[in-house]
Amino acid sequence: MIKDTLLYDLLSIKPDACENDIIVAYYEMAERHHPENLKEKNHDSISKFDEIKFAYDVLSNEQNRKFYDENGYEATKEMFDKQDEFSYDNYTSQNYYGSLINNEYDFYQTPKITKNLVFPLKVSLKDLYRGTKKNFDYQVLVICKDCDGTGFKKVNTDKKCPKCSDQEEDSNVRIREICSECSECLTCAGERVVQEEKKIEINIEKGMRHRQQIAFTGLSNQKPGYETGDLIFILEQSKHDTFSRHEDYLIMKHTINLTEALCGFKILFRHLDGRLKAITCSGGEYFHNQTVKSIPKLGMPKLNSSDYGDLIIKFSVNFPESKSLNLEKIKILEEILPPKRTIEFKEDEKIVEVTSKHVDKNFFDYESDDEIRYAVDENLPEEAFLIKEDMQEEFESNPQRIECNTQ
Ligand SMILES: [Zn+2]
Ligand SMILES: [Zn+2]
């Protein structure tokens, strides 16, 4: 059971969000709330950004997320605050990509691997249909070559510095006290890593999907004493004007008018392969608002296969404007169309004629009461039914009460 949803709310996601949802939501929120992108910088905007980062750092780590789900916000915050070196309050808002990388704190002992470097990659539906290559520029931290990641100037090993030779040697922990003889590496300013501009070519294969991950093993930020995590791209497909997609289906919505629905029509559309396609529907087959047609093999390519999904066309029908036909034409229509149904009623019964007026379709947007009741019944836990049955028995064994209730 989840204790609270505060961190999920910060990223505007649901508690059952998957890993990709969390990453994408974080990027969207971080971009929106990043102090550099805000016109007015104030303390609130910076703390909001830090909260978003905190939410991401907790939720993007499986164990941290589990801890948060079970123990809630306060306990998680407290736990993070205890980690002195990487305290939540020590974050800087300078580089939000940095937070994906540099805070490798965990509540539990996990293998020392730098965090995956994750970027969303914008693609079009056409890219996913045809396959393409994308170039991507990014910055990554690499171990300083000039000092081999020690952070210190290279010194002659035969002549070990007499002043600090008695200091403890630990390849993972940088010795902070340095004397004048062995000063910091000038290339990395003692940081042990340097930032490098990189360019990478990403192969988008035919049939790949929105939110699919493409991973490059071991290309994340480097850190001495750590294994290097992965560079990961998450495909973000932009909306297409004509088509939407479900699995390997392409879906197209098409509106026709009443005449076309009854007498036939032609559809002309440009497919993702670039070609103009035509579909002719001759009259006699009537189309209505729920008509769905499928065209085999005109959907998306199936990944790692030469096969294609289907194209689905969903139809809707526009009726002519009210009062656009005069009575004469309506008479003709009536002669052509199937006859009206006759209403049966008892001859001797009096009928009251009433008139209706037109209201907007949003005027009455409610379920009827019995529909609501049945819907609620379906959602009731099992105990609720047991109680109901008990009460039923009681009523049945006590007819007096039933009478009372129905009065
Ligand atoms: Zn020294
Ligand atoms: Zn260096």
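Here, each number is a calculation from the coordinates, and none is a lab measurement. None of these values were measured; they are calculated from a predicted model. FYI the Cβ positions are ideal-geometry reconstructions off the backbone, even for glycines, and counts take in every protein chain you see.
Brief remarks follow.
- Qualifying chymotrypsin sites (Phe, Trp or Tyr not before Pro) for the stretch 267-315 [loop in DSSP, other Cβ within 10 Å: at most 12]: Tyr286
- The residues packed around Leu11, meaning those with a beta-carbon under 9 Å from its beta-carbon, carry a net charge of -3 if Lys and Arg are +1 and Asp and Glu are -1.
- In plain terms, the chain from Lys198 to Ser306 could stretch by 35.5 nm, reckoned as 0.36 nm per residue minus the Cα-Cα distance.
- Residue order, fewest to most beta carbons within 10 Å, for Glu19, Glu247: Glu247, Glu19
- Förster-model FRET efficiency, 25 Å R0, Glu205 and Leu276, C-beta, rounded to 0.05: 0.45
- Take the Cα of Ile214, step 7 Å toward its Cβ, do the same at Lys3, and the gap between the two points is 4.1 nm.
- The length gained on full extension between Ser183 and Ile113, counted as 0.36 nm times the residue separation minus their Cα-Cα distance, comes to 22.4 nm.
- Residue by residue, the stretch 7-15 carries 3J(HN,Hα) couplings of 5, 5, 4, 4, 9, 6, 10, 8, x Hz when phi is fed to the Karplus relation 6.51 cos²θ - 1.76 cosθ + 1.60 (θ = phi - 60°); x denotes Gly or Pro.
- Extension gain for Asn257-Glu344 works out to 28.0 nm (0.36 nm per residue, less the C-alpha to C-alpha distance).
- Shape of the stretch 239-349, Cα gyration tensor, a/c cut at 1.5: prolate
- Long pairs among Lys199/Lys302; Lys122/Lys198; Lys122/Lys223; Lys115/Lys239, criterion Cα-Cα beyond 26 Å: Lys199/Lys302; Lys122/Lys223; Lys115/Lys239
- Label-point separation in nm, Asp44 to Asp81, each point 7 Å along Cα→Cβ: 2.3 nm
- Annotation for Glu19 and Ser244: the two label points, set 7 Å from Cα along the Cα-Cβ direction, are 2.8 nm apart.
- Förster-model FRET efficiency, 35 Å R0, Lys66 and Ser124, C-beta, rounded to 0.05: 0.40
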